[in-house]
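Report on the following structure.
The values are calculated or read from the model by the stated rules, or taken from the named source; none is laboratory data. Predicted model, so just to flag it, every value in this text is computed and none were measured. Cβ atoms come from the backbone with ideal geometry, glycine included; neighbour counts cover every protein chain shown.
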Amino acid sequence: MPKRIPIATAKAVAEKHDLRQVLLVGYDGELVHVVTYGKTKADCEQAAKAQDFWTGKIREFSFEGTRCPQETE
C-alpha cells in the first residue's frame, strides 16, 4: 500500500492537540491509508497495535458498492 499520509502529518496533529498517540485513517476511493505516531517508543508501539486492530476491522468492511453520504444526495 503506498504511503499517502506522511508521519509528519500525524506528528503535527499530535503536537497541535497535545496528544501522545495519533492514528490517522484515510480512504481514497480505492485504498485505505493508515499512519500512526507516538511521542515515545512505548507510545509508538501502542499506536502500532491500535493500527493493527483497526486495520483488521476496516478489512471486515467492504468498500465495494458503498458511497459517502454526500455522494448519494
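Among the residues of region 10-52, how many are within 11 Å of the chain's Cα centre (by Cα) and not acidic (Asp, Glu)?
17
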Item to check | All positions within region 16-32 that are touching a Lys or Arg at 6+ places or on another chain (Cβ under 9 Å) and loosely packed, with under 13 Cβ neighbours inside 10 Å | outcome: 26, 28, 31
Next on the checklist: Take the residues in region 6-22 that are closer than 17 Å to residue 48 by Cβ and part of a loop (DSSP other than H, G, I, E, B); name whichever of them is modelled with the lowest pLDDT.
Outcome noted: 6
